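Trainee: Before we start, here is the structure in question, set down as structure tokens.
The values are calculated or read from the model by the stated rules, or taken from the named source; none is laboratory data. From a predicted model like this one, the values you see are computed outputs, not experimental measurements. Because the Cβ atoms are built from the backbone with ideal geometry, glycine has one as well, and the counts that use them run over all protein chains shown.
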Amino acid sequence: MKYLLMLFPGILGYLVGSVNFSILVSKYIGKFDIHQKGSGNAGGTNVARTMGAGWGVAVIAAEILKGVLVGLFVRYIFPVDPLSLGSLGPAITGAFAVFCCFIGNVFPVFYKFQGGGKGVSVCGAMMTMLDYRVFLILFGIFLLVFLLSRMVSMASIIGVISMSVSTAILYHGQDYWWLLFLIVTAMAIGVIIRHKANIVRILHGNENRFSFSRKKKEN
């Protein structure tokens with residue numbers, strides 16, 4: 001019976017993750033389909049590209065916040081440890097909920113499991129939920145890479161790799177730390193896979209470079 005308790009964090013995380021703010025903002029405020037403009041990706045970066053930086057930042061913040069709230073709720077308000085993992089049990093369950101939020105972001109049930117985001121914002125939510133100080137460090141790394149390259153894709157890839165490494169450093173030695181590491185690394189691998197087309201363009205030197213001005217043409 002106790003194993004069924006894992007269903008609640010998972011279902012909650014997935015349903016919340018399936019609510020895509022970039023799709024909602026572009027549809028009801030921008031009056032267009034985010035999949036038909038800019039890069040075609042349903043993410044905050046494309047909202048910034050098509051509607052302006054302000055809206056893009058707002059969407060990214062909302063995406064991070066929803067993941068953080070799910071993780072904190074499961075970790076502190078609904079703390080379950082069905083696998084008897086000890087002190088890290090609630091944190092691992094919270095991370096599992098955020099991981100399911102990531103799955104919902106990529107494969108949203110409300111949009112027939114298609115047209116989701118790339119999950120970068122949810123990775124930010126994961127690190128904020130685990131340790132906001134680590135999130136600030138990783139955000140600094142992301143921002144530095146972005147400012148130097150003006151490529152959100154490269155900054156995202158380096159950021160999620162740093163996320164996995166920092167989790168190993170932060171929790172190494174604690175009971176079942178490797179479970180937390182596996183969850184975070186699975187998210188990092190998912191983000192990298194979602195950026196495979198970007199990686200090809202980076203290697204060929206023709207990846208899109210972000211501009212804060214709106215563009216009429218698709219990238």
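Trainee: List the residue pairs whose Cβ atoms are under 7 Å apart, where the first residue sits in the stretch 11-37 and is touching a residue at least 12 places away in the same chain (Cβ under 8 Å), the second is among the basic types (Lys, Arg) and in a helix (DSSP H, G or I), and the two are 6 or more positions apart or on different chains.
Mentor: Between residues of the stretch 11-37 that are touching a residue at least 12 places away in the same chain (Cβ under 8 Å) and residues that are among the basic types (Lys, Arg) and in a helix (DSSP H, G or I), the close pairs are VAL16/LYS66; VAL19/LYS66.
Trainee: Related question: Any residue in the stretch 13-25 that is of a type in the set (Val, Ile, Thr), in a helix (DSSP H, G or I) and surrounded by fewer than 22 Cβ atoms within 10 Å (Cβ to Cβ)?
Mentor: yes
This table checks each residue for (1) within 30 Å of GLY173 (Cβ to Cβ); (2) modelled with pLDDT of 95 or more.
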residue: ALA48; (1), (2): no, no
residue: GLY54; (1), (2): no, no
residue: TYR76; (1), (2): yes, no
residue: PRO82; (1), (2): yes, no
residue: GLY86; (1), (2): yes, no
residue: PRO90; (1), (2): yes, no
residue: GLY94; (1), (2): yes, no
residue: PHE99; (1), (2): yes, yes
residue: ILE103; (1), (2): yes, yes
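Trainee: Would you point out the residue of the stretch 160-192, among those that are under 13 Å from ALA91 (Cβ atoms) and of a type in the set (Val, Ile, Thr), that is surrounded by the fewest Cβ atoms within 10 Å (Cβ to Cβ)?
Mentor: Step by step, filter the stretch 160-192, then rank; the result is ILE183.
Trainee: Among the residues of the stretch 117-154 satisfying the criterion of being small (Gly, Ala, Ser) and either over 15 Å from the mean Cα position of the chain (by Cα) or within 25 Å of ILE92 (Cα to Cα) (or both), which is surrounded by the fewest Cβ atoms within 10 Å (Cβ to Cβ)?
Mentor: GLY140
Trainee: Do you know which residues across the stretch 160-177 are touching a residue at least 40 places away in the same chain (Cβ under 8 Å) and either touching a Lys or Arg at 6+ places or on another chain (Cβ under 6 Å) or not in a helix (DSSP H, G or I) (or both)?
Mentor: Selection gives GLN174, ASP175, TYR176.
Trainee: From VAL120, VAL80, VAL106, which residue is farther than 18 Å from ILE193 by Cα and in contact (Cβ under 8 Å) with a residue 12 or more places away in the chain?
Mentor: VAL80
Trainee: Considering only the stretch 193-213, how many residues are surrounded by 18 or more Cβ atoms within 10 Å (Cβ to Cβ) and basic (Lys, Arg)?
Mentor: Final tally of qualifying residues: 1.
Trainee: What pairs come out if I take residues in the stretch 178-194 that are within 12 Å of THR167 (Cα to Cα) and pair them with residues that are assigned to a helix (DSSP H, G or I) and polar (S, T, N, Q) whose C-beta lies under 8 Å away, six or more apart or interchain?
Mentor: The qualifying pairs are LEU180/THR167; PHE181/SER164; PHE181/THR167; VAL184/SER164; VAL184/THR167; THR185/SER164; THR185/THR167; ALA188/SER164.
Trainee: A follow-up question, please. So how many residues does the stretch 63-111 have that are among the basic types (Lys, Arg) and within 27 Å of ALA42 (Cα to Cα)?
Mentor: The number of residues fulfilling the criteria is 1.
Trainee: What's the number of the condition GLY43 fails, among (1) small (Gly, Ala, Ser); (2) over 21 Å from PHE139 (Cα atoms); (3) in contact with a Ser or Thr (Cβ under 6 Å, 6 or more places away or on another chain)?
Mentor: Against the list (1) small (Gly, Ala, Ser); (2) over 21 Å from PHE139 (Cα atoms); (3) in contact with a Ser or Thr (Cβ under 6 Å, 6 or more places away or on another chain), GLY43 comes up short only on (2).
Trainee: Would you mind stating whether ILE157 is over 12 Å from the mean Cα position of the chain (by Cα) and either surrounded by 15 or more Cβ atoms within 10 Å (Cβ to Cβ) or part of a helix (DSSP H, G or I) (or both)?
Mentor: No; evaluated as a whole, the condition is false for this residue.
Trainee: Continuing with the same structure: From ASN105, ASN46, which residue is buried (at least 18 other Cβ atoms within 10 Å of the Cβ), part of a helix (DSSP H, G or I) and either under 13 Å from the mean Cα position of the chain (by Cα) or of a type in the set (D, E, K, R) (or both)?
Mentor: After applying the criteria, what remains is ASN105.
Trainee: So which residues in the stretch 49-102 are outside any helix (DSSP H, G or I) and either among the β-branched types (Val, Ile, Thr) or under 21 Å from ASP131 (Cβ atoms) (or both), if there are any at all?
Mentor: Once the filter is applied, which keeps residues that are outside any helix (DSSP H, G or I) and either among the β-branched types (Val, Ile, Thr) or under 21 Å from ASP131 (Cβ atoms) (or both), the stretch 49-102 yields PHE78, PRO79, VAL80, ASP81, LEU85.
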